[in-house]
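Presented below is the structure to which this report refers.
The values are calculated or read from the model by the stated rules, or taken from the named source; none is laboratory data. Please read all numbers here as calculations on a predicted model, not as lab measurements. Backbone-built Cβ (ideal geometry, glycine too); neighbour counts: all protein chains shown.
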Amino acid sequence: MPQESSQPRPHRVVVIVDQNSNPFELGCATEVFGLRRPEIGRDLYEFRLCSPAPRTLMRDGFFTLTGVAGLAAAETADTLIVPNRPDTDVPRRPAVLAAVRRAHARGARLVGFCSGAFTLAEAGVLDGRRATAHWQWADSFRARFPAVRLESDVLFVDDGDILTSAGSAAALDLGLHLVRRDHGAEVANSVSRRLVFAAHRDGGQRQFVERPVPDLPDESLAPVLAWAQERLDEPLTVADLAARAAVSPATLHRRFRTELGTTPLVWLTGERLTLARRLIERGESGFDAVARHSGLGTAANLRALLRRETGLNPQDYRRRFGPTPA
């Protein structure tokens, strides 16, 4: 008799597609969770689409989706991505809301991209929880679902077993965040390279960054960011970044806010922590060495920042994402 594989099956991600769903976010989910990853050497996820109807007309009648599984596929999801669509005032199908409630009750992770937060809220699983949605729907969302703690000016919100993102491209940010959470920073960086997308934009960054037309042409921050990323192990300060950009620290701060929606110090700390995570995953020996090589200084600082970011201490992070012992 053939022997069963000892390898656990990959984490199963199921996307519910419903009438008038947005193709873009569906594409984001497919790109992040549905593609094979030969460059990594293993499948990260098992991915399925499902729908409550045999034929699903997508947003504005762009195309009709057929040939996907029925709604019963949602019953086996480890992560369930709920429908999102522009007609937020139209109630979701009762069968879809019931599937979301059942998934939540059995401990599945729920994800809402863009207006998917409306689906989660209608299902009643967001009451008392943190969430976000596209900024243009913030007022109507708060009026309809006052029990939800909406954070309307961030890219995404990770509230443990329920995660939501703002519109369009933020779906990729949240998708990569989930890959990073499930498989570590090194794998997430590999996925982002294939997507040709920023490896890490923190969820707390602003959704909408003002970019006023300057009086004089202004250079991008890209050169100084690349320069800093090559020197993360050095004691870089905001003043060092400003000097490299040939501007004052105050001007550098304004440019970071304008171009990245964050501050130089927050960006620098995030880059160092991402490097530290990758070093741990690669098997760098000694957390003091990891902290030193990533510019975080001490193992105590590494421990505090890693726990704040991932909920894990360095030892647990290494056990989960580090090299498999020979």
If only one of Asp153, Asp161, Asp127 is modelled with pLDDT of 95 or more, in contact with a Phe, Trp or Tyr (Cβ under 9 Å, 6 or more places away or on another chain), surrounded by fewer than 17 Cβ atoms within 10 Å (Cβ to Cβ) and over 18 Å from Glu25 (Cα atoms), which one is it? Asp127
Looking only at region 181-190, decide whether some residue is modelled with pLDDT under 85, touching a helix residue (DSSP H, G or I) at 6+ places or on another chain (Cβ under 9 Å) and in a helix (DSSP H, G or I). no
Kindly indicate whether Val82 is of a type outside the set (Gly, Ala, Ser) and modelled with pLDDT of 95 or more. yes
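I want to confirm something. Restricting to region 39-72 and keeping residues that are outside any loop (DSSP other than H, G, I, E, B) and among the basic types (Lys, Arg), which single residue is surrounded by the fewest Cβ atoms within 10 Å (Cβ to Cβ)? Write out each step before concluding.
Residues of region 39-72 outside any loop (DSSP other than H, G, I, E, B): 45-51, 55-57, 59-61, 64-66, 69-72.
Narrowing further to those that are among the basic types (Lys, Arg): 48, 55, 59.
Details: Arg48: 17, Arg55: 10, Arg59: 18.
Across region 39-72, the extreme among qualifying residues is Arg55.
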In region 20-57, which residues are touching a strand residue (DSSP E or B) at 6+ places or on another chain (Cβ under 6 Å) and either of a type outside the set (D, E, K, R) or not assigned by TED's automatic domain parsing to the domain that holds His177 (or both)? Ala29, Phe33, Gly34, Tyr45, Phe47, Leu49, Cys50, Thr56, Leu57
Please name all residue pairs, on different chains or six or more residues apart, with Cβ atoms under 9 Å, provided the first residue is in region 266-293 and is free of Cβ contacts under 8 Å to residues at least 24 places away in the same chain and the second residue is polar (S, T, N, Q). Leu279/Ser294; Asp288/Thr298; Ala291/Thr298; Ala291/Asn301
Would you tally the residues in region 270-306 being within 18 Å of the chain's Cα centre (by Cα) and either among the charged types (D, E, K, R) or closer than 20 Å to Glu234 by Cβ (or both)? 7
Can you spot a residue in region 92-112 that is β-branched (Val, Ile, Thr) and within 27 Å of Ser190 (Cα to Cα)? yes
Could you list, in sequence order, all residues of region 275-326 that are outside any helix (DSSP H, G or I), surrounded by 14 or more Cβ atoms within 10 Å (Cβ to Cβ) and among the small types (Gly, Ala, Ser)? Ser294, Gly295, Gly322
If Glu75 meets every condition in (1) at pLDDT below 95; (2) assigned to a helix (DSSP H, G or I); (3) more than 23 Å from the chain's Cα centre (by Cα) apart from one, which number is that one? (1)
Which condition number in (1) touching a helix residue (DSSP H, G or I) at 6+ places or on another chain (Cβ under 8 Å); (2) not in a strand (DSSP E or B) is the one that Leu163 fails? (2)
Within region 166-180, the residues that are surrounded by 24 or more Cβ atoms within 10 Å (Cβ to Cβ) and over 8 Å from the mean Cα position of the chain (by Cα) are Ala166
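Please go through region 103-144 and give me each residue that is of a type in the set (Lys, Arg), in a helix (DSSP H, G or I) and closer than 21 Å to Phe33 by Cβ, ordered by number.
Applying the first criterion (of a type in the set (Lys, Arg)) to region 103-144 yields 106, 109, 129-130, 142, 144.
If we keep only those that are in a helix (DSSP H, G or I) too, we end up with 142, 144.
Within region 103-144, none qualify.
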